[in-house]
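One structure is given below, encoded as structure tokens.
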Ligand code: PMP
């Protein structure tokens with residue numbers, strides 16, 4: 001029987017100022033100087049919008065952390081959470097549940113072919129952690145090659161595999177981790193100074209050279225479309241070549257689709273864009289999280305091939321969590337995937353994405369601070385540069401570590417005054433709205449960006 005005790009709403013006991021003050025006093029703000037943290041008190045969210053305590057409504061142009069793909073308050077996902085809570089909130093992962101079996105069968109339908117066994121976690125970080133451990137146990141080798149402009153998570157191993165400078169304060173990482181970095185694939189500003197297509201994907205040759213000269217390489221981990229570090233999209237030949245290199249060298253290929261999965265790029269998964277005429281690219285493991293539940297509950301998954309799975313039939317699988325395959329995280333994933341299918345959101349991401357892309361390209365023509373816009377589906381970056389020749393960023397990661405407010409952050413703050421939120425990172429924006437976004441909402445958000453970019457244009461002009 002449900003308790004009849006009234007639950008006093010917190011809002012009756014704390015003012016908004018007190019909520020913000022308590023948050024700052026008792027909690028950590030991530031990836032920042034704590035004194036620079038001034039969190040917005042958010043009280044409600046629906047569709048593509050959320051509302052702060054002062055009643056201001058914001059259009060969310062980056063789906064929070066590029067994760068609320070279905071938008072807020074999807075009734076089917078909410079119902080799945082409620083029903084699971086009322087039926088079986090938790091059992092340990094050693095037991096079978098209908099929810100886990102059902103979600104696993106559904107994953108077989110939507111994941112790239114060949115990925116047939118799943119380990120469920122409660123974050124993308126842990127899903128990568130599982131992939132790294134599985135790669136080591138399965139191959140008996142140690143090293144993992146990632147790329148510089150990448151993010152793979154925040155635990156000691158996953159931050160160790162992260163190429164971007166969020167790794168710096170944690171160096172040298174956990175002892176014996178064995179993570180190495182290849183240059184990122186960035187045809188706008190190639191780190192090894194080649195030009196596509198004349199380069200013949202020299203970046204893939206570079207990576208092979210590393211494998212050849214390192215020995216003991218268990219796996220290569222890549223974000224098929226790099227997320228936070230600027231929606232970097234490799235050219236068509238890259239993935240087929242990388243797959244071939246990994247096969248020839250006996251190295252596993254791990255696709256980190258934590259951000260790029262679930263329709264974000266206009267395919268179910270970003271790897272689905274490559275090798276279409278040869279049956280698709282088949283990663284040995286695919287790691288995902290975020291959009292799998294639209295972030296309503298924390299869920300990650302590491303999907304492996306049947307071949308990898310079979311190895312553990314006779315070898316000890318040395319991995320597990322209390323919250324692994326937690327029923328409360330799995331039931332909403334089933335509902336979220338069904339909603340994606342019902343609303344045909346992968347096709348919608350493609351259609352709305354090309355509309356958004358046209359508008360962003362038009363912005364580039366008007367704003368000298370924009371070096372490049374690039375994207376796939378509803379996943380776009382707008383990269384700001386000091387000048388089009390050097391393509392130098394407006395700020396560096398060192399500025400961030402030094403606590404300096406980046407120009408992109410000033411632009412984002414201006415956009416917020418106009419009722420739009422956007423993710424700003426170093427010298428670019430990551431635009432990744434909920435896949436349910438309407439054209440008028442795209443118009444409104446791009447207008448806000450257009451009106452706010454003056455700050456960056458003036459900065460660039462001031463450099464002379
Ligand atoms: N990999 C990628 C590509 C990501 O974008 C993220 C999160 N931004 C992670 C891993 C880590 O996921 P989580 O924050 O859920 O641990």
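Any chance you could run the full-extension gain for residue 387 through residue 277? It's 0.36 nm times the residue separation minus the Cα-Cα distance, nm to one decimal. Walk me through the numbers on the way to the answer.
Details: separation 110, 0.36 × 110 = 39.60 nm, distance 3.89 nm.
Gain in length upon complete extension: 35.7 nm.
Extending 7 Å from Cα along the Cβ direction at residue 43 and again at residue 322 yields two label points whose distance is 3.4 nm. Specify whether the C-alpha gyration tensor of region 218-270 places it in the rounded, prolate or oblate class, a ≥ b ≥ c being the square roots of the eigenvalues: rounded for a/c under 1.5, otherwise prolate if a/b is larger than b/c and oblate if not. It is prolate, given that a/c is not under 1.5 and a/b is the larger ratio.
Quick check on region 175-324: of the DSSP beta bridges with both residues there, what percent are antiparallel, nearest 5%?
40 percent
Each label was represented as a point 7 Å from its Cα along the Cα-to-Cβ direction; for residue 205 and residue 463 these points are 3.1 nm apart.
Evaluated on region 75-342, the Kirkwood hydrodynamic radius is 18.9 Å, with distances taken between all distinct Cα atoms.
Write down the percent of antiparallel bridges among all DSSP beta bridges whose residues are both part of the chain, to the nearest 5. Percentage antiparallel, nearest 5: 65.
If a/c stays under 1.5 just call it rounded; otherwise compare a/b with b/c (prolate if a/b is bigger, oblate if not). Do that for region 163-287, with a ≥ b ≥ c from the square roots of the Cα gyration tensor eigenvalues. Here region 163-287 falls in the rounded category. If the segment from residue 249 to residue 398 were pulled out straight at 0.36 nm per residue, it would be longer than the present Cα-Cα gap by 50.0 nm. When only Cα pairs below 8 angstrom with a gap of at least 6 residues are kept, the chain shows a relative contact order of 20 percent.
Taking label points 7 Å from Cα along the Cα-to-Cβ direction, residue 65 and residue 315 give a separation of 3.1 nm.
Shown for 150, 294, 396: other C-beta atoms within 10 Å of each C-beta, ranked fewest to most, produce the order 396, 150, 294.
Shape summary: region 300-355 maps onto an equivalent ellipsoid whose semi-axes, from the alpha-carbon gyration tensor, are 33, 17, 9 Å in decreasing order. For region 366-418 versus region 166-205, the spacing of their alpha-carbon centroids is 21 Å. Report D for the chain in µm² per second (integer): Stokes-Einstein, Kirkwood Rh on Cα pairs, 20 °C, 1.002 mPa s. Result for D is 92 µm²/s.
Cβ crowding within 10 Å, taken as a proxy for footprinting-reagent exposure, orders 99, 139 from fewest neighbours to most as 139, 99.
Across region 75-342, the mean sequence separation of Cα contacts (distance under 8 Å, 6 or more residues apart), normalised by length, yields a relative contact order of 30 percent.
Taking neighbour Cβ counts within 10 Å as the exposure measure, how do 428, 72, 367, 209 sort from fewest upward?
With the sparsest Cβ surroundings first, the list reads 209, 367, 72, 428.
The stretch between residue 105 and residue 170 holds 19.5 nm of extra length on full extension. This uses 0.36 nm per residue minus the Cα-Cα distance. The mean sequence distance of close C-alpha pairs (under 8 Å, at least 6 residues apart), as a share of the length of region 289-372, puts its relative contact order at 28 percent.
Does region 373-464 come out rounded, prolate or oblate, given a ≥ b ≥ c as the square roots of the eigenvalues of its C-alpha gyration tensor, rounded meaning a/c under 1.5 and, failing that, prolate meaning a/b above b/c? Here region 373-464 falls in the prolate category.
Since every read-out is calculated from the coordinates, none of them should be taken as a lab result. This structure is a prediction, so every number in the text was calculated from the model and none was measured. In this analysis, Cβ positions are derived from the backbone assuming ideal geometry, glycine residues included, and neighbour counts consider all displayed protein chains.
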